[in-house]
Amino acid sequence: MIRKINISDITRFDFNLVITFLALWHERSVTKAAARLSLSQSAVSASLSRLRQAADDLLFIRTRQGMEPTQRAIDMVESLSEGATLIYNAFISENEFDPARCNRHFSIGMSDDFQLALGSEISKQIQAIAPDASVVYRQTNRYTAQQMLENNDIDLAIVTASLPRRGLWQQVIGEGGYACLCDAQSCGFSENPTLEAYLSLPHILVSYSGREGLVDEILSIMGRSRKIQTALTHFAALPPFLLGSKSIATIPSHAAISLAGYTGLTIFEAPLELTAYPIIATMRLSSQKDTALLWLFQIIKQAIRVQQNILPPPQS
């Protein structure tokens, strides 16, 4: 149920203070917040004083690490961020968006395996349909996407697990799997390797942690293990480690397809039962009326259909 607010109460509150609060939340510095808002430092300090009076709390406390939020500020930020977006969206006509006239700068969060698999096609479609728009791909994964969305660092994220935070809209847009990638000639493979042949090779791991991954968990259950010769954190760096080398990598199949397409490396099926996983698009719930972002979401789905390196979501 929406609580009605007395108009006389609203007139006593300066909604510009919400923008100052959000700038301080993101920057954790009065100086940086002032630069972000194109205001003087004294103006932001004065606004902070008024915020503290309105909230009856310090909100941000100066420390060596910067302006750290109090628990009251932490409790407030999600509602204020969503409220500011809702107010902005209320002034945007749902029929206003025209890709041909769009000059917006979009920010999409995704890990570099999705950048390899989808990024170029997304950019091509944006360039063709909205030539004055631009896009930046921010390195993101399921561990960092939630905070980046909350901080407005990205507009939309592609992740491989549902994010638990309320206030997010999420939709499964595909299903991912795994494949092996190697220099077939160097490894002496002409067909899918057996488990023994697979484990006899040094492995190149690509992992956010740089330590171990799903393959190691499955092998551990089987009472087996592999030798990880090199660990990387980015898929794009993988090809030089495999070309001309008697080593193998097990990576998401969409990344393997993309890398094999321009490197001459060969894809093989993994000799393990590796569970498929959902590929999810997520954005702030308050962005649901942002017609430009809804258009971008459709562009991403179209890129998946064109590239054909990601399976469609399973039918329920």
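Quick notes on this one:
- Furthest towards positive pole of dipole, Leu17, Ser47, Ala34, structure part the stretch 16-92, Cβ charges: Ala34
- MRE, 222 nm, helices only [DSSP H, n ≥ 4, -39500 (n - 2.57), over the chain, to nearest 500]: -11500 deg cm²/dmol
- The longest stretch of the chain left intact once loop-based GluC sites (Glu not before Pro) with at most 10 other Cβ atoms within 10 Å are removed from consideration, loops following DSSP, is 97-190.
- Counting only alpha carbon atoms, the long axis of helix 41-55 and the longest principal axis of the chain meet at about 80°.
- For the stretch 12-131, alpha-carbon Rg relative to the globular expectation (2.2 N^0.38 Å, N residues): 1.38
- For Val159, Val136, the sequence from fewest to most other C-beta atoms within 10 Å is Val136, Val159.
- Look at the alpha carbon pairs under 8 Å that are at least 6 residues apart: their mean separation over the length of the stretch 7-90 gives a relative contact order of 26 percent.
- Over the chain, relative contact order from alpha-carbon pairs under 8 Å, at least 6 apart, %: 21
- Option label - Rg and Dmax of the Cα atoms in Å computed here, alternatives (1) 20.9, 64; (2) 22.2, 90; (3) 23.9, 79: (3)
- Given charges at beta-carbon only (K, R positive; D, E negative), |dipole| of the stretch 7-90 in Debye: 400
- For the chain, the Cβ-based charge dipole about the Cα centre amounts to some 760 debye (Lys, Arg positive; Asp, Glu negative; other atoms uncharged).
- In percent, rounded to a whole number, the relative contact order of the stretch 125-246 is 21, using alpha-carbon pairs under 8 Å and six or more apart.
- A DSSP coil position with no more than 12 other Cβ atoms inside 10 Å describes the following trypsin sites (Lys or Arg not before Pro) in the stretch 201-249: Arg211, Lys227.
- Electrostatic tally near Ile267: other residues with Cβ closer than 15 Å to its Cβ, Lys and Arg +1, Asp and Glu -1, net -4.
- Sparsely packed chymotrypsin sites (Phe, Trp or Tyr not before Pro) within the stretch 105-194, loop by DSSP, other Cβ within 10 Å at most 15: Tyr143
- DSSP beta bridge pairing in the chain, given as percent antiparallel to the nearest 5: 65
- Furthest towards positive pole of dipole, Ser186, Gln229, Ala260, structure part the stretch 178-268, Cβ charges: Gln229
- C-alpha long axis of helix 120-129 to longest principal axis of the chain, angle in °: 50
- A convex hull fitted around the alpha carbon atoms of the stretch 178-268 yields 85 Å³ per residue.
- Tilt relative to the chain, helix 291-307 - C-alpha long axis, 0 to 90 degrees, to 10: 0
Coordinate-derived values only; no laboratory data. Everything numeric here is computed off the predicted structure, so don't read it as measured data. Positions of Cβ are backbone-derived with ideal geometry, glycine not excepted, and every protein chain shown enters the neighbour counts.
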